[in-house]
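The values are calculated or read from the model by the stated rules, or taken from the named source; none is laboratory data. All figures in this text were calculated on a predicted structure; none of them were measured in a lab. Here the Cβ positions follow ideal geometry from the backbone for every residue, glycine too, while neighbour counts run over all protein chains shown.
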Amino acid sequence: MLLAIDVGNTNIVAGVFAGDSLVTLWRLTTETRRTGDEYALLLSGLFRLAGLDVARVQGVAVCSVVPPVLTALTGALEKHWGLSPLVISTQLDLGIEVRYTPPTAIGADRIANAVAAIDRFGAPSVVVDFGTTTNFDVISPDGAYIGGILAPGLEISEEALYRSTAQLRRVPLVPPPTAIGGSTTAALQSGILFGYAGLVDGLVERICGELGGQAHVVATGGLAETIAPLTRTVQRIDDDLTLYGLFLLYRRNAPDAGD
């Protein structure tokens, strides 16, 4: 089995692959103060709850944008499980050309998303990853990673709104029936959700214009299910895209994780 772990600024998403199949997935809160021993205890408990045997894990692939958590996780896996994780970076054999300056500045999760998008959907592709930031990653028609866009995430934008106003209260992230809000709650929901969907559509349309035509547009990340259905341009949602990219990169660089 292969354990794949995507460490984001807000959440950690972990999944277990048996052969080519993702058999379970967990979403955890990212906590930079958690120790390696605590991560080992947490992961072992999740395995037990899922009825999986830790001893069957033969490999680990990790992408992280939070260095302290990466250090704690890799230390825990080495100390308690005797496994040295494959940490994703542009120093690996990615199987795709990277045209980004400098290549080392690309987030590891963006690499995983690009590799998975090419494998699942082909080129050209655009991945919209809804996380703490919303990342747009672009695969050119000839299958190269050429860059993308980084935008403030929905939750960051929402938090800034409430922090800067005295009389506005938080509202559920549920789209109102119409764009014209007949109440303060509906007006906020419209501005937050339809407004963010408009941001996504506008940026995807600009990307496709620069690519010279249409592209496969796939959404992933924690808020994909909330925003993608409100857009015109997102064609599909793929919740496990990043983990699948980790699986592909592990298989390419350390193909010793069996069933």
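Tabulated data for the structure shown
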item: Residue match in region 41-54 (condition: free of Cβ contacts under 8 Å to residues at least 40 places away in the same chain, acidic (Asp, Glu) and surrounded by fewer than 14 Cβ atoms within 10 Å (Cβ to Cβ)); result: yes
item: Helices (runs of 4 or more DSSP H) completely within region 140-259 that count 1 or more residues being of a type in the set (Gly, Ala, Ser) and under 30 Å from THR104 (Cα atoms); result: 154-163, 195-211, 224-227, 241-253
item: Restricting region 71-127 to residues that are part of a strand (DSSP E or B) and of a type in the set (A, V, I, L, M), the residue that is surrounded by the most Cβ atoms within 10 Å (Cβ to Cβ); result: VAL127
item: Selection from region 94-109 of residues that are more than 20 Å from THR74 (Cβ to Cβ) and charged (D, E, K, R); result: GLU97, ARG99
item: Failed item, numbered, when GLU31 is tested on (1) modelled with pLDDT under 95; (2) of a type in the set (Asp, Glu); (3) part of a strand (DSSP E or B); result: (3)
item: Residue satisfying all of: in region 194-244; among the aromatic types (Phe, Trp, Tyr) and more than 15 Å from the chain's Cα centre (by Cα); farthest from ASP137 (Cα to Cα) among these; result: PHE194
